[in-house]
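Undergrad: Starting off with a structure, shown below.
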Amino acid sequence: LERGRETFTTRSDPVFDPVAAAEAAADHTIGLILHPARVARLVQFHVRNDDYPSLEETIERLLEVTWKSERERGYHGEIGRAADQVLLYHLFRLAANPDAAIQARAVAESKLGQLMSWLNTHLKREQKKDAAQGAHMLFAISSITRFLENPAQFELSPPAAMPDGSPI
């Protein structure tokens, strides 16, 4: 099968990879929400007016609908784990971005620490319930630990990319 600019990235060549497609969609959405300029505006607008959502609230909501949501087994569970990893990737990127607002970086790093605590609290229960979810959580704990120890040396694996689409 010839792959080109109009096809999704796949990790299961030669067949279509629905998890990579979901990962690309999550990356597109979460990447826009956690764009450094957007999160700087979230911080600035919230300090001026409490009616606007804070960056903390925004990231917490993202965590609630990804990592902290009830996870199905099988295909839907794998799609959820892909979205979890995309959020983790963007939190790492934001926390390590020297061009991002300092408070945005601080909040991202704080949320990574809070997520690690939440994962540690829920790991044993999930390992008993679903081995795949337990492995996923353990990998995240390991990744966050390595990132917090040395952000400059931590290598990020980017999510699957959205295809360019057909030429205009």
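The values are calculated or read from the model by the stated rules, or taken from the named source; none is laboratory data. Given the structure is predicted, the values throughout are model-derived calculations rather than measurements. Cβ sites come from the backbone with ideal geometry, for glycine too, and all protein chains shown count toward neighbours. These accessible areas exclude ligands, DNA and RNA; they are computed on the full protein's heavy atoms, side chains included. Shrake-Rupley method; radii C 1.70, N 1.55, O 1.52, S 1.80 Å.
Undergrad: For residues that are closer than 14 Å to residue 90 by Cβ and open to solvent by 30 Å² or more (accessible area, probe 1.4 Å), tally how many sit in the range 43-57. Walk me through how you get there before you give the answer.
TA: First, pick out the residues of the range 43-57 that are closer than 14 Å to residue 90 by Cβ: 55.
Checking the rest, the ones that are also open to solvent by 30 Å² or more (accessible area, probe 1.4 Å) come to none.
So the count comes out to 0.
Undergrad: OK, next. Using the structure shown, decide if residue 105 is basic (Lys, Arg) and either open to solvent by less than 10 Å² (accessible area, probe 1.4 Å) or under 15 Å from residue 55 (Cα atoms) (or both).
TA: yes
Undergrad: Out of all the residues in the range 81-109, which are part of a helix (DSSP H, G or I), touching a helix residue (DSSP H, G or I) at 6+ places or on another chain (Cβ under 9 Å) and without any contact (Cβ under 8 Å) to a residue 24 or more places away in the chain?
TA: Scanning the range 81-109 gives 105, 106.
Undergrad: Still on this structure, please answer the following. Could you say which residue among 25, 37 is under 21 Å from residue 164 (Cβ atoms) and at pLDDT 90 or above?
TA: 25
Yes/no matrix, rows are residues, columns are (1) of a type in the set (Ser, Thr, Tyr); (2) within 13 Å of the chain's Cα centre (by Cα); (3) open to solvent by 40 Å² or more (accessible area, probe 1.4 Å):
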{"site": "67", "(1), (2), (3)": "no, yes, no"}
{"site": "70", "(1), (2), (3)": "no, no, yes"}
{"site": "84", "(1), (2), (3)": "no, yes, no"}
{"site": "92", "(1), (2), (3)": "no, yes, no"}
{"site": "121", "(1), (2), (3)": "yes, no, yes"}
{"site": "129", "(1), (2), (3)": "no, no, yes"}
{"site": "134", "(1), (2), (3)": "no, no, no"}
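Undergrad: Could you please find all residues in the range 21-35 being open to solvent by 40 Å² or more (accessible area, probe 1.4 Å) and in contact (Cβ under 8 Å) with a residue 24 or more places away in the chain?
TA: Once the filter is applied, which keeps residues that are open to solvent by 40 Å² or more (accessible area, probe 1.4 Å) and in contact (Cβ under 8 Å) with a residue 24 or more places away in the chain, the range 21-35 yields 25, 28, 33.
Undergrad: What single numbered condition from (1) touching a residue at least 40 places away in the same chain (Cβ under 8 Å); (2) not in a loop (DSSP other than H, G, I, E, B) fails to hold for residue 64?
TA: (1)
Undergrad: Another question about this same structure. Take residue 76 and decide whether it is open to solvent by 30 Å² or more (accessible area, probe 1.4 Å) and not in a loop (DSSP other than H, G, I, E, B).
TA: yes
Undergrad: Mind listing whichever residues of the range 59-100 are over 22 Å from residue 121 (Cβ atoms) and acidic (Asp, Glu)?
TA: 78, 99
Undergrad: Name the single residue, out of those in the range 1-20 being modelled with pLDDT of 75 or more and open to solvent by 30 Å² or more (accessible area, probe 1.4 Å), that is nearest to residue 77 (Cα to Cα).
TA: 19
Undergrad: Of the conditions (1) part of a loop (DSSP other than H, G, I, E, B); (2) closer than 18 Å to residue 31 by Cα; (3) open to solvent by 60 Å² or more (accessible area, probe 1.4 Å), residue 159 clears all except one; give me its number.
TA: Residue 159 satisfies every listed condition except (3).
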